[in-house]
1. Would you point out the residue of segment 176-192, among those that are in contact (Cβ under 8 Å) with a residue 60 or more places away in the chain and buried (at least 24 other Cβ atoms within 10 Å of the Cβ), that is farthest from ligand 2 (Cβ to nearest atom)?
2. Considering (1) closer than 26 Å to GLY229 by Cβ; (2) in contact with a Pro (Cβ under 9 Å, 6 or more places away or on another chain), say which one ILE89 fails and leave the rest.
3. Go through (1) in a helix (DSSP H, G or I); (2) surrounded by 15 or more Cβ atoms within 10 Å (Cβ to Cβ); (3) of a type in the set (A, V, I, L, M, F, W, C); (4) more than 16 Å from ligand 1 (Cβ to nearest atom) one by one and return the number of the condition ILE237 breaks.
4. Of all the residues that make up segment 138-151, how many are over 16 Å from GLY66 (Cα atoms) and touching a helix residue (DSSP H, G or I) at 6+ places or on another chain (Cβ under 9 Å)?
5. Can you tell me which residue in segment 77-104 is nearest to ASN67 (Cα to Cα), limited to those that are buried (at least 16 other Cβ atoms within 10 Å of the Cβ) and among the polar types (S, T, N, Q)?
6. Hey, could you check segment 67-96 for residues that are in contact with a strand residue (DSSP E or B) (Cβ under 7 Å, 6 or more places away or on another chain) and farther than 21 Å from ILE3 by Cα and say which is nearest to ligand 2 (Cβ to nearest atom)?
7. Conditions: (1) farther than 18 Å from GLU39 by Cβ; (2) part of a strand (DSSP E or B); (3) of a type in the set (A, V, I, L, M, F, W, C). LEU125 meets all but one. Number of the miss?
Amino acid sequence: MKILFVGDIFSKLGRSCFERNVKRIKNEQKINFIIANGENISHGKGMNEGHYKWLLEQGVNVITLGNHAFQQKSIFNFIDEVNNVVRPINMVCEHGKGYVTVNYNGLKITVFQVIGKVLMDEANLSPFTETKKLLEELDSDIIICDVHAEATSEKIAFGYAFDGKVSAILGTHTHVQTSDARVLENGTAYITDVGMTGALDGVIGVQKDIIIDRYLNDGRQKFTPEDSGKSQFCAVIIDIDEKTMKAKAIETIRIIE
Ligand SMILES: [Fe+2]
Ligand SMILES: [Fe+2]
């Protein structure tokens, strides 16, 4: 079975680029299931209720979030009730779910997310320990993990630590696609970062002049999404053997338009 995982969809350009590509890829590649990271979909920060509904209309089965999970207030209208949105399992918070299990043609597919600790909020629990605990509880046919972290070393170590125990470990958060996609020795598909879906010419989604001003002049302008110019669509397709839960292949997609 083929799963499409789309990296952090960022603001207006991310949404239009996603819409232009997702249905065509689904048809051409015979995709069965779509997962998308939506932590930046609403103006770069969080996911509001309207954009949540829009993602479902686009055919997304499960949405993952990240450190920006709760920055749109309207997420509290639905996050505790729905069974298709995950925030990091090791984030200390009272709202939302760290994992969801959904049925697809008689298969139990679990999607979960962890957040890193290195160069991120130290209050987060260990992604390693919390994943170990979760996997002891699960009885699913396919398990997909979004590892939302800054440090490449933390993500790579996480990949090896759980190789063979899940179907795929897919990195998000840095918004830059890495060239290390592969199936690890024990059958887990892995990539350090899937990349973002949004502006090509911003600084990971934000207008570049604002960020340059920050570094050059210690500027404090508000982060504003880059909503014009070229865009990029970044994703991976994972092919999974339904009987063994292991990945057969992982392929990256990066479309610039
Ligand atoms: Fe992000
Ligand atoms: Fe993030």
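The values are calculated or read from the model by the stated rules, or taken from the named source; none is laboratory data. Values in this document were obtained by computation on a predicted structure and should not be read as measured data. Using ideal geometry, Cβ is built from the backbone for each residue, glycine included, and neighbour counts are taken over all protein chains shown.
1. Only one residue fits best here, namely ALA189.
2. Condition not satisfied by ILE89: (1).
3. (1)
4. Narrowing segment 138-151 to residues over 16 Å from GLY66 (Cα atoms): 138-143.
Now narrow it down to the ones that are touching a helix residue (DSSP H, G or I) at 6+ places or on another chain (Cβ under 9 Å): 143.
Residues flagged as over 16 Å from GLY66 (Cα atoms) and touching a helix residue (DSSP H, G or I) at 6+ places or on another chain (Cβ under 9 Å) within segment 138-151 amount to 1.
5. The qualifying residue nearest to ASN67 (Cα to Cα) is ASN90.
6. Initial filter on segment 67-96 (in contact with a strand residue (DSSP E or B) (Cβ under 7 Å, 6 or more places away or on another chain)): 67, 79, 83-91, 96.
Checking which are farther than 21 Å from ILE3 by Cα leaves us with 67, 79, 89-91, 96.
Values: ASN67: 4, ILE79: 17, ILE89: 15, ASN90: 14, MET91: 11, GLY96: 15 Å.
My answer is ASN67.
7. Going through the list (1) farther than 18 Å from GLU39 by Cβ; (2) part of a strand (DSSP E or B); (3) of a type in the set (A, V, I, L, M, F, W, C), LEU125 breaks only (2).
The rows are residues; the columns are (1) modelled with pLDDT under 95; (2) of a type in the set (D, E, K, R); (3) in contact with a helix residue (DSSP H, G or I) (Cβ under 7 Å, 6 or more places away or on another chain); (4) more than 16 Å from ligand 1 (Cβ to nearest atom).
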{"site": "ILE3", "(1), (2), (3), (4)": "no, no, no, yes"}
{"site": "VAL6", "(1), (2), (3), (4)": "no, no, yes, no"}
{"site": "LYS12", "(1), (2), (3), (4)": "no, yes, no, no"}
{"site": "PHE18", "(1), (2), (3), (4)": "no, no, no, no"}
{"site": "ASN21", "(1), (2), (3), (4)": "no, no, no, yes"}
{"site": "GLN29", "(1), (2), (3), (4)": "no, no, no, yes"}
{"site": "PHE33", "(1), (2), (3), (4)": "no, no, no, yes"}
{"site": "ASN40", "(1), (2), (3), (4)": "no, no, yes, no"}
{"site": "LEU56", "(1), (2), (3), (4)": "no, no, no, yes"}
